Amino acid sequence: MTMEKAVILCSGGLNSAVMTSVAAKEYALMLLHVRYGHRAQARETVLFEKQAEFFKAQERLVVDMPHFAAIGGNARVSRKRQVEDALALGEGTSNCYVPGFVAGLLSAAFNWAWVTGASKVFLGVSEDLGPPAPRTNRIYPDYSRAYIQLCGQLFTEAAPGKTIAIETPLIDMNRSDIIKLGNRVGTPFQLTWSCLSSPTEACGACVGCATRNRGFLDAAVPDPVLIAASVRAAAVS
C-alpha cells in the first residue's frame with residue numbers, strides 16, 4: 001500500500017526529530033531542511049543528513065534562504081547581537097526572533113508539497129517549551145497556533161482543488177512532553193542539536209539549551225548529546 005506523502009520541516013533539532021519520528025508511522029517522508037546563515041547551521045545541516053538516513057526518507061531537499069542573513073537584525077544570524085540566556089528573557093521578543101522565518105519555511109514547504117503531491121506539511125513548533133524560558137510564543141510571536149492557522153488559510157486560498165494541511169503535533173507540548181514522546185517512538189536524540197549560539201559546544205544557557213536540559217531532566221531521560229560532551233570534557237581534563 002502506497003503511503004501518503006508529507007513534507008516535514010526538519011531543522012536537525014530536537015523538536016523536528018521527534019515530529020519526524022511521529023510522522024514516519026503514517027507518511028512517506030519528504031524531509032525539507034532550510035539553511036539561512038544562522039550560527040548553528042553547519043552542525044544542523046550535517047544532522048539533517050544523518051536524520052534523513054536514519055528515517056529512510058523517501059526524498060530530501062535542502063533550500064537556502066540567504067536573505068535572512070543578508071538583512072540581519074537578529075542574534076541567530078548576526079554576532080553584533082547577543083544570544084540571551086533563557087533566564088534573562090522578559091515578556092518581549094527575543095534577540096533571536098527572526099521575523100518572517102516561519103512564513104518562509106511554510107512557503108518553501110507549500111511549494112514542494114504542491115509540486116510533489118504531498119497533502120501535509122509538518123512544522124515542529126510549540127507555543128510553550130516550558131521553564132526556564134518565558135512562553136515560546138511570546139519571545140517568538142510566529143510560534144503560535146493563531147499564526148499557523150492563518151498560514152493554513154493562505155494554503156487553502158492558494159491551492160484551488162487541492163488540500164495541503166499544516167500539522168503541528170507538538171503545539172501544546174513542552175520540552176519534557178516532547179522528549180517523553182520521542183523516547184516512546186524511538187527518536188534518535190543523539191542526532192539532534194538545540195544550541196542557538198554554537199555549532200560545536202552547547203552553551204547551556206540559551207533558550208534552546210536551557211529548555212532542552214530542563215526537558216530531559218523532567219522527563220527522566222538521559223540526553224546522549226550532553227553525555228557525549230561530558231565524556232569529551234573528561235578526556236581532555
**Prompt:** Based on the mean of other beta carbon atoms within 10 Å per residue, what is the order of 224-231, 137-144, most packed first?
**Reply:** 137-144, 224-231
**Request:** Let me know the charge dipole size of the chain about its Cα centre in debye, to the nearest 20, where only the beta-carbon of Lys, Arg (+1) and Asp, Glu (-1) is charged.
**Result:** 340 debye
**Message:** Could you compute how fast segment 141-182 diffuses translationally, taking Rh as the Kirkwood radius over C-alpha pairs and applying Stokes-Einstein at 4 °C with viscosity 1.567 mPa s? Give it in µm² per second.
**Reply:** 109 µm²/s
**Request:** Taking the dipole about the Cα centre of the chain, with the C-beta of Lys and Arg at +1 and of Asp and Glu at -1, give me whichever of S176, C96, A40 is farthest to the positive side.
**Result:** A40
**Message:** At 222 nm, what value in deg cm²/dmol follows for the chain if DSSP H runs of at least 4 each add -39500 (n - 2.57) and the sum is divided by all its residues, to the nearest 500?
**Reply:** -13000 deg cm²/dmol
**Request:** Could you check how many percent of all C-alpha pairs in segment 1-68 are farther apart than 21 Å?
**Result:** 21 percent
**Asked** At a Förster distance of 25 Å, what's the computed FRET efficiency of A158 paired with M3, Cβ-Cβ distance as r, to 0.05?
**Response** 0.50
**Message:** Taking 8 Å as the Cα distance limit and 6 or more residues as the minimum spacing, I'd like the relative contact order of the chain as a percentage.
**Reply:** 23 percent
**Prompt:** Cα centroid distance between segment 91-125 and segment 169-213, in Å?
**Reply:** 19 Å
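Values in this text are rule-based calculations from the coordinates and carry no lab data. This is a predicted model, so every value here is computed, not measured. Positions of Cβ are generated from backbone atoms using ideal geometry, with glycine treated the same way; all protein chains shown enter the neighbour counts.
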